[in-house]
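Heads up, the thing below is written out as structure tokens.
The values are calculated or read from the model by the stated rules, or taken from the named source; none is laboratory data. Quick caveat, the model's predicted, so the values are computed rather than measured. Cβ coordinates were reconstructed from backbone atoms using ideal geometry, including for glycine residues, and neighbour counts include every protein chain displayed.
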Amino acid sequence: MEVAKTVRKVVARHAGVTTRLLQILIEVQDELSWLPPAALSCIAQALKLPRARVDGVAGFYSLLYRRPVGCYRILFSDNITDRMLGAPALMQALCTALWVERGKVSEDGLVSIDTTSCTGLCDQGPALLVNGLAIGRLDAARIDTIAGLVRGRTPLADWPRELFQIDDNIRRRGPLLDTEVPPGAALAAALKLGREGWLAELRASGLRGRGGAGFATARKWDACRAAPGAEKVVVCNADEGEPGTFKDRVLLTRFADRVFEGMTLAAWTIGARLGLMYLRGEYRHLLRPLHEVLARRRAVGLLGAGILGEAGFDFDIDIHLGAGAYVCGEETALLESLEGKRGTPRIRPPFPVTQGYLGRPTVVNNVETLAAVALIALRGGADYAARGTASSSGTKLLSISGDCAFPGVYEYPFGVTVAEVLADCGARDTHAVQVGGASGVTLAGDEFGRRIGFEDVPSAGAFMVFNRSRDAFDIAHNFVDFFAHESCGFCTPCRIGTVLLKGYMDKLASGYGAKVDLADIEWLERLLKNASHCGLGSSAPNAVVDTLLKFRPAYERRLQSLEFEPAFDLDQALARARQMTGRDDPGAHLETLREDTT
């Protein structure tokens, strides 16, 4: 009865709208601490949805629980930089102190401890989430404090505030981080230019999307503006889930007004009335302050009806919370999630600019892109384009972490060399740099003269530094584990391929690797790149392929013998199956199939 009452209250709060399914699941879990079967049935009934649909969504997101969890749900970040800082040992210390095994609930139901993917605190790790709230800079003393608070059943609201303090760590400023943009100033400047004049400035800036793909922002907005349909939508992609990236977290903390102003500029340009921000579940601690910024903007006429006195300029923004799914950083998967579905990437075309949220023409932009848009409106396109390179105008924010003295957010003009960045962040004896996160590129020492930019080394913002004490294999192994965990499971090449790749890396890590395994990894990489449904699968083997090429000894020393060949012949083992099916054609032989894919 209590479950049904809770569900009715939450569903009523969302007016029974089915596109709010994910938000409803999150809020019901907040009330009940998990999602029991009875709650899922009640939600399905209240929304008039099949129970399988509700269960499928609940099972897709890692921060939703269909089994009981502890009153205190503690998740340690399992990103490579957190591991380097000692996260595994600290997690084990907390498990020991609280008498609980990793991945299980304590016998009294008080606490559960496990790992999660990157929490966006790589500049101040190791980090964890407790009931969705982030705690960084973990050490033995903090672990003891947390253990004591849990044992004492202290409500989270009464935990010491300093535990939850998150620093911005802005280390190097440029125009984006150092220019004051008073609320409304960018909008007023654009309105004065008129839509055509403003779009001309945006084109002149050469701004390209800062989420990694690098698509021209003005071209995207032009296409959406021209698309048929009156109900257009602006979406801010704040699902910053790429391991090693945290610059959007800083922008949303320090420059939220500017980001919302960028969304409003997009709305005025394309004629949208609805704006949605998709905020990753790991950034839940930012939800309340972001709502406060929205409330202030509504109070002074920067959101709502007749913005800045412009008749017909009606626009408002809602925030949707994610629930732990890396794939939702892909724009079409994000749109699916916004519609209350599993975050499965769509087949394109059609593209979101013509058929996006609920089939409406939709502009999807990254947090950093929207912040830059507001700066361009204020200072002009030529001023913005004066920095950077011919193909990569303006500046780029880099989230720098790992083996360096000064981790944090740095702003550079495009074209800066990797070596310059390493010098600024206090990196010493650097062995490798991972640019662009787990899906990016691994650079060896002889590549540090390369430049950050779309024409050389593109990056969504991650810049992880590894000194010579680090093993390149361990780095790649962590990224492979990440992709196997984060695959949405939609397409077979990614769903099976990432698990197979993880199996090969686990085998090598255990010291049972064979030379043929390295060849199989390279074959699997080609399969993933050519057959995966979306970028997650095609980029999953990037770190392995890069490190195999540039740090091959890290793999070879894990082999039993360079000359070792497996005694088990899988193709021969299938001979009986060929006999039973009456097949002996080339397609029924593994080696022939492998040769055909090369």
- The condition from (1) under 22 Å from residue 212 (Cβ atoms); (2) surrounded by fewer than 24 Cβ atoms within 10 Å (Cβ to Cβ) that residue 370 misses is numbered (2)
- Residue set 184, 174; condition surrounded by fewer than 17 Cβ atoms within 10 Å (Cβ to Cβ) and touching a residue at least 40 places away in the same chain (Cβ under 8 Å); output residue 174
- Any chance residue 353 is surrounded by 14 or more Cβ atoms within 10 Å (Cβ to Cβ), in contact with a Leu (Cβ under 6 Å, 6 or more places away or on another chain) and among the β-branched types (Val, Ile, Thr): no
- Task: Examine the stretch 318-326 for a residue that is in a loop (DSSP other than H, G, I, E, B) and in contact with a Pro (Cβ under 9 Å, 6 or more places away or on another chain), and state whether such a residue exists.
- Result: no
- Message: Please determine whether any residue of the stretch 18-29 is part of a loop (DSSP other than H, G, I, E, B) and without any contact (Cβ under 8 Å) to a residue 60 or more places away in the chain.
- Response: no
- Item | Elements of type strands (runs of 3 or more DSSP E) in the stretch 102-193, at least 3 residues being modelled with pLDDT of 95 or more and closer than 30 Å to residue 262 by Cβ | 170-172
- Task: Could you check residue 189 against (1) in contact with a Leu (Cβ under 7 Å, 6 or more places away or on another chain); (2) small (Gly, Ala, Ser); (3) within 20 Å of residue 253 (Cβ to Cβ) and say which number it fails?
- Result: (3)
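Residues are listed down the side, and each one gets a yes or a no for (1) in contact (Cβ under 8 Å) with a residue 40 or more places away in the chain; (2) of a type in the set (Gly, Ala, Ser); (3) touching a helix residue (DSSP H, G or I) at 6+ places or on another chain (Cβ under 6 Å); (4) more than 20 Å from residue 213 (Cβ to Cβ):
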{"residue": "438", "(1), (2), (3), (4)": "yes, yes, yes, no"}
{"residue": "468", "(1), (2), (3), (4)": "no, no, no, yes"}
{"residue": "478", "(1), (2), (3), (4)": "yes, no, yes, yes"}
{"residue": "489", "(1), (2), (3), (4)": "no, yes, yes, yes"}
{"residue": "499", "(1), (2), (3), (4)": "no, no, yes, yes"}
{"residue": "502", "(1), (2), (3), (4)": "no, no, yes, yes"}
- Message: Tell me whether the stretch 445-455 contains one or more residues that are touching a His at 6+ places or on another chain (Cβ under 8 Å) and either under 30 Å from residue 265 (Cβ atoms) or outside any loop (DSSP other than H, G, I, E, B) (or both).
- Response: yes
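Being surrounded by fewer than 18 Cβ atoms within 10 Å (Cβ to Cβ) and either on the phi > 0 side of the Ramachandran plot or under 24 Å from the mean Cα position of the chain (by Cα) (or both) is true for just one of 474, 506, 446, 481. Which residue is that?
474
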- Message: When you scan the stretch 70-93, do you find a residue that is assigned to a loop (DSSP other than H, G, I, E, B) and over 30 Å from residue 463 (Cα atoms), even just one?
- Response: yes
